[in-house]
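In what follows, a single structure is set out as structure tokens and then discussed.
The values are calculated or read from the model by the stated rules, or taken from the named source; none is laboratory data. Everything numeric in this text was worked out from a predicted model, so none of it was measured. Neighbour counts are summed over all protein chains in view; Cβ atoms, including those assigned to glycine, are modelled from backbone coordinates with ideal geometry. The area values use the complete protein model at the heavy-atom level, side chains included, leaving out ligands, DNA and RNA. Shrake-Rupley method; radii C 1.70, N 1.55, O 1.52, S 1.80 Å.
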Amino acid sequence: TTVSHPLILFLDDLQWVDELSLQLISVLVTDTETNNFLFIGSYRENEIGTSHPLISYLDELKKREITITDINIGCISKEDVNALISDTISMPQHLTRSFSDIVYKKTGGNALFVTQFLQSLWDEGLLVFSLEDNAWKWDADASNAKEILDDVGVLMADKIRQLPIRCQYAIKLLACVGSKCNETILQLFMREEEGLHDELSGKERKSSDDSNNQFLMLDFAVDEGLIKKEGQDYIFAHDQIQHAAYLLIPEDERGQLHKHIGHLILKHSPDNRVDDVLFLVTDQLNRGTSFIVLEEERLGIAMLNLRAGEKAMSLSTFLISVSYLKAGIDMLPEGHWGKHYDLSLQLYSLYAEAECCIGNFQEVGHAIGVVIKQAKSFENKLRAYATLMKSLAAQNKLQEAIHIGFGVLTRLGVQCTPSPPDKSVMMKDIMEMKMLLTKTTDAEILNFREMEDENKMTAMKFLQILVFYAY
């Protein structure tokens with residue numbers, strides 16, 4: 001960043017922020033070498049308690065004398081409500097003042113309430129455009145008498161219930177997936193999922209195309225202002241709308257709906273595109289596990305969680321990787337080490353690595369203990385031993401890490417001294433190797449035979465880990 005090209009990073013909804021994201025934000029704003037950078041974060045104060053990690057991080061930043069500007073955004077004023085209404089219906093402010101006073105009294109200046117209250121007045125014919133007078137008219141007495149719910153979620157749910165049944169169902173499907181979803185993904189499950197709607201509601205499935213056209217229903221929701229469409233993405237206009245739509249699904253049906261959505265997306269995704277929807281499919285199936293009882297199906301989900309965990313690890317999203325791998329382990333049946341050994345070994349070994357990456361060392365020890373106890377061979381325990389060494393070193397237990405490393409090397413056939421050699425001996429060996437390499441051309445090095453001994457290659461990996469802890 002430069003003075004002429006500064007960088008501004010804005011993150012919304014920090015009330016839902018996770019620990020790793022907070023660590024990243026902290027590193028960014030405390031980096032003394034970073035100039036011309038402004039971080040802006042927003043959160044709902046009523047959803048942040050004194051024990052929330054965000055508060056701890058903010059307090060820590062203030063102690064380090066990082067400049068923090070607090071901007072409290074409250075409800076809009078009576079004058080602003082009048083200005084908004086005046087602009088909305090294209091009438092001078094002095095003519096809308098009496099009406100805006102009613103709206104302000106009913107909504108308290110909550111911007112979302114204001115817009116929804118105006119919409120409800122229009123829906124009920126209390127706010128209409130008069131062709132005769134060529135101006136907007138309103139029923140002041142009826143508007144003043146109208147009740148307004150003081151809970152945003154209840155208000156949104158009430159509005160959704162007024163929509164056609166199939167429009168409500170389409171919104172619920174979208175809410176199951178998240179705050180937004182691409183049309184390409186929606187096509188994978190929307191039409192066929194219509195059959196589940198009829199199954200859940202006890203109706204026979206219609207054969208007409210109209211009954212399957214959920215996209216028309218979503219477009220209807222767009223017209224109602226509940227959903228926005230940007231390009232090929234359908235996006236809830238507000239997170240409270242998504243929350244309200246999801247809560248309208250009976251609790252005992254949510255898991256079944258998630259399960260069917262996950263299966264349909266997986267079913268209709270080409271093999272070469274499964275990785276593109278891997279997180280989405282796995283998330284959906286994980287939320288429907290209470291409806292998954294067949295062992296074969298549970299094993300399939302365990303494998304998906306392993307793939308998702310591996311992908312998350314490759315993206316350095318370790319906390320997410322932990323959640324997938326733990327979910328995969330939970331899907332394993334009784335006696336899985338005997339019946340599904342390879343899957344169990346991979347899940348537990350990678351789970352230990354992911355927990356190590358986020359510093360949850362107690363859980364690392366538990367997972368590694370299971371692997372060492374259940375693994376059929378020394379070779380199958382090597383990955384766990386490497387993770388255990390890194391975990392101990394991260395806790396500053398270097399001698400324990402070195403001891404384990406030396407034990408592994410000995411079993412691999414490498415002759416080791418009881419403790420690391422003196423640094424002078426190490427430097428002597430390094431200089432001898434350096435002299436040897438200076439007498440060797442690049443062409444000669446490229447012609448060297450590649451190492452083939454598996455034990456020697458594994459030993460080199462452990463030596464690479466050990467060199468960091470021994471010196």
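Scan the range 403-443 for residues that are under 26 Å from F378 (Cα atoms), polar (S, T, N, Q) and in a helix (DSSP H, G or I) and jot them down. Correct list: T410 only. Is it the case that G262 is part of a helix (DSSP H, G or I) and in contact with a Ser or Thr (Cβ under 6 Å, 6 or more places away or on another chain)? Judged against the criteria, G262 is not a match. If you filter the range 310-348 down to residues that are of a type in the set (V, I, T) and open to solvent by less than 70 Å² (accessible area, probe 1.4 Å), you find that the one that is nearest to V17 (Cα to Cα) is T317.
Can you confirm whether D158 is under 30 Å from L218 (Cβ atoms) and either of a type in the set (V, I, T) or within 33 Å of the chain's Cα centre (by Cα) (or both)? Judged against the criteria, D158 is a match.
Picking from residues in the range 218-236 that are within 30 Å of D271 (Cα to Cα) and aliphatic (A, V, I, L, M), the one that is modelled with the lowest pLDDT is L218. Scanning the range 61-89 for residues being open to solvent by 100 Å² or more (accessible area, probe 1.4 Å), modelled with pLDDT of 90 or more and outside any helix (DSSP H, G or I) gives a total of 3.
Taking each residue of the range 444-460 that is closer than 22 Å to K381 by Cβ and without any contact (Cβ under 8 Å) to a residue 60 or more places away in the chain and looking for partners that are open to solvent by less than 100 Å² (accessible area, probe 1.4 Å) and small (G, A, S) with beta-carbon atoms closer than 7 Å, six or more apart or interchain, yields N455/G413. Only one of the listed residues (L58, L54) is closer than 30 Å to V29 by Cα, surrounded by 13 or more Cβ atoms within 10 Å (Cβ to Cβ), modelled with pLDDT of 90 or more and out of contact with any strand residue (DSSP E or B) (no Cβ under 9 Å at 6 or more places or on another chain). That residue is L58.
Screening I165 with (1) more than 40 Å from the chain's Cα centre (by Cα); (2) exposed (fewer than 14 other Cβ atoms within 10 Å of the Cβ); (3) of a type in the set (A, V, I, L, M, F, W, C) gives one miss only, at (1). Can you confirm whether M331 is more than 18 Å from the chain's Cα centre (by Cα), of a type in the set (A, V, I, L, M) and on the phi < 0 side of the Ramachandran plot? Yes; evaluated as a whole, the condition is true for this residue. Before we move on, is F117 open to solvent by less than 20 Å² (accessible area, probe 1.4 Å), touching a residue at least 40 places away in the same chain (Cβ under 8 Å), closer than 24 Å to L248 by Cβ and of a type outside the set (A, V, I, L, M)? Taking the combined requirement at face value, the residue does not satisfy it. Among the residues of the range 410-426, the ones that are closer than 14 Å to V467 by Cβ and at pLDDT 85 or above come to 1 in all. Can you name every residue in the range 239-270 that is at pLDDT below 90, closer than 23 Å to A221 by Cα and out of contact with any helix residue (DSSP H, G or I) (no Cβ under 8 Å at 6 or more places or on another chain)? Correct list: D239 only. Scanning the range 90-114 for residues being open to solvent by 40 Å² or more (accessible area, probe 1.4 Å), part of a helix (DSSP H, G or I) and not aliphatic (A, V, I, L, M) gives a total of 8. Here V281 meets each of (1) under 18 Å from the mean Cα position of the chain (by Cα); (2) open to solvent by 20 Å² or more (accessible area, probe 1.4 Å); (3) without any contact (Cβ under 8 Å) to a residue 24 or more places away in the chain with one exception, condition (2). Restricting attention to the range 32-51 and to residues that are of a type in the set (S, T, Y) and open to solvent by 70 Å² or more (accessible area, probe 1.4 Å), the residue that is modelled with the lowest pLDDT turns out to be T32. Whenever a residue of the range 236-262 is farther than 22 Å from L226 by Cα, its partners that are β-branched (V, I, T) and crowded, with 22+ Cβ neighbours inside 10 Å, lying with C-beta atoms within less than 6 angstrom and at least six residues away or across chains, give the pairs G262/V281.
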